[in-house]
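Contents: one structure, followed by commentary.
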Amino acid sequence: MMIDPDYQAALLALESVRSRTVTTFWLSFATRRLFKSYAGRCRRAATTLDRIRPPLSVAREHAALADAMRDLASAFDRIAARGDIRGFDRFRLLRDAPEVESAKAASEALQARGYKIPT
């Protein structure tokens with residue numbers, strides 16, 4: 001039995017399309033799940049910070065850090081909501097976003113006062 005090479009090539013091309021579609025779907029799913037996880041971690045950190053009573057001397061910085069963590073959670077939620085594989089590109093852009101800058105400033109203010117912040 002002889003195989004038609006053109007037909008075989010067409011079938012293989014179809015497999016390639018299916019494979020890319022499945023891969024894109026799973027990458028999108030994984031991206032969404034990853035960023036939802038990051039959002040959850042930031043929210044839990046904010047909730048934990050809300051339960052801590054800071055000394056009055058750093059109360060403003062403490063509140064700013066909790067707010068920054070909530071803002072970061074929202075930013076991660078926005079990336080996850082897009083649900084596409086370009087989420088990692090958006091994540092790279094997030095490094096310079098105001099939410100990240102706020103978190104850095106708040107943690108640096110606490111560190112300047114002698115407190116250690118886990119990273």
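Per-residue 3J(HN,Hα) values for the range 62-78, derived from phi via the Karplus relation 6.51 cos²θ - 1.76 cosθ + 1.60 with θ = phi - 60°, read 4, 5, 5, 5, 4, 5, 5, 5, 5, 5, 4, 4, 5, 5, 5, 4, 5 Hz in sequence order (x marks Gly and Pro).
What are the ³J(HN,Hα) couplings of the range 49-56, residue after residue, when phi is run through the Karplus curve with 6.51, -1.76, 1.60 and θ = phi - 60°? Round to Hz, x for glycine and proline. Once rounded to whole Hz, the list reads 4, 4, 7, 8, 9, x, x, 4. Each residue of the range 101-107 was assigned a 3J(HN,Hα) from its phi angle through the Karplus curve 6.51 cos²θ - 1.76 cosθ + 1.60 (θ = phi - 60°); the sequence is 4, 5, 5, 4, 4, 5, 5 Hz, with glycine and proline shown as x. Here the label points at Ala97 and Arg51, each 7 Å from Cα along the C-beta direction, are separated by 2.6 nm in the simple model.
No lab work stands behind these numbers, since they all come straight from the coordinates. Fair warning: this is a prediction, and the values are worked out from it, not measured in the lab. FYI the Cβ positions are ideal-geometry reconstructions off the backbone, even for glycines, and counts take in every protein chain you see.
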